[in-house]
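Read through the structure below, which is laid out as structure tokens, and then see the notes.
The values are calculated or read from the model by the stated rules, or taken from the named source; none is laboratory data. On a predicted model such as this, the values are computed, not experimentally measured, just so you know. Counting neighbours? That spans all protein chains shown, and the Cβs are built from the backbone with ideal geometry, glycine included. For accessibility, only protein heavy atoms count, side chains too; no ligands or nucleic acids. Shrake-Rupley method; radii C 1.70, N 1.55, O 1.52, S 1.80 Å.
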Amino acid sequence: QVQLVESGGGLVQPGGSLRLSCAASGISFSIYAMLWYRQAPGKQRELVAAITRIGTTNYSDSVKGRFTISRDVAKNTVYLQMNMLKPEDTAVYYCSANSNYWGQGTQVTVSS
């Protein structure tokens, strides 16, 4: 059974930081690229960050320089460190394994 469970979302002020976690089970990071998507109400799901099977990272232009994706193989966990948050970052954030498996999402709200 593949399971992805996101955590770490919440309400933060603009300019603040938040770290999301994705606890993975039933998958190997050597086989699956790990991805973070987000979806705001009424908008399409957007890929924001990815880490490949070999550890290469990629980011969307909207978050580049502010977000960092990383993984801890020993803990089977993927992280998304989000800094300098903006109101437009408000969305449900989803962890995905190679776009084949999805977590339930965690809400991030950036507001004063």
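Remarks
- Debye, to nearest 20: dipole size of the chain, +1 on Lys, Arg Cβ, -1 on Asp, Glu Cβ: 100 debye
- Using a probe radius of 1.4 angstrom, the carbon and sulfur fraction of the accessible surface of the chain is 48%.
- Full extension of the segment from S30 to Q81, taken as 0.36 nm per residue of separation minus the current Cα-Cα distance, would add 16.2 nm.
- Selection from S30, G42, M82, by position along the positive dipole direction of the chain (Cβ): S30
- Stretch gain in nm, segment Q104-T56, where the contour uses 0.36 nm per residue and the Cα spacing is subtracted: 14.8 nm
- Counting only protein heavy atoms and a 1.4 Å probe, the chain has 53 square angstrom of accessible area per residue.
- Partner lysines for K75 [C-alpha distance under 26 Å; skip if fewer than 8 residues away on the same chain]: K64
- The trypsin sites (Lys or Arg not before Pro) of region 52-98 that DSSP puts in a loop, and whose beta carbon has at most 14 other beta carbons within 10 Å, are R53, K64, K75.
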